[in-house]
Amino acid sequence: MIEEEPNIVTSGKSQRVIIDGYPFSIEIYRAETDQNWMLEVVDKDGTSHVWDDQFVSDIDARNAAVRAIEEEGAVAFMRGDNVIQFPER
């Protein structure tokens, strides 16, 4: 029996922000069957930064993203040394 993948719910708290002159996309989403929210920040180069932690509310997720970008600085998200590359096939 093939199991269908759940629908993805995107939060209205997802947004684009500009910090230190750099654009970021804050993506907050969850599976329709889940209660907790996932957080992903995508930088100007399209590099995705996904939090391991899940959040009880989409507001908590959004606040965590903005706080991390402001505390770490926008450039910290774009350094490249904190990205794990997928193995080539």
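Given a 1.4 Å probe and every protein chain left where it sits, what share in percent of the accessible area of the chain is carbon and sulfur?
Carbon and sulfur: 46 percent of the exposed surface of the chain.
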Over the alpha carbons of the chain, what is the largest minus smallest coordinate on each principal axis, giving the biggest first in Å?
47, 38, 19
Taking +1 at the Cβ of each Lys and Arg and -1 at the Cβ of each Asp and Glu, which of Val9, Met38, Gln54 sits farthest along the dipole of segment 7-61 towards its positive end, judged by Cα position relative to the Cα centre?
Val9
Integer Hz, Karplus 6.51/-1.76/1.60 couplings in order for segment 9-20, x for Gly and Pro:
9, 9, 6, x, 7, 4, 6, 9, 10, 10, 10, 6
Heavy atoms of Asp43 accessible to a 1.4 Å probe, total area in Å² rounded to 10
10 Å²
If one takes the longest principal axis of the Cα atoms in the chain, at what angle in degrees, from 0 to 90 and to the nearest 10, does the Cα axis of helix 58-72 lie?
20 degrees
Charge dipole magnitude, Cβ of K and R +1, D and E -1 - the chain, Cα centre, debye nearest 20
320 debye
Would you mind getting the accessible area per residue of the chain, heavy atoms of the protein chains only, 1.4 Å probe, in Å²?
75 Å²
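The values are calculated or read from the model by the stated rules, or taken from the named source; none is laboratory data. These numbers come from a predicted model, not from an experiment. We place every Cβ from the backbone using ideal geometry, glycine too, and count neighbours over all the protein chains shown. Heads up: the accessible areas ignore ligands, DNA and RNA and are worked out on the full protein's heavy atoms, side chains in. Shrake-Rupley method; radii C 1.70, N 1.55, O 1.52, S 1.80 Å.
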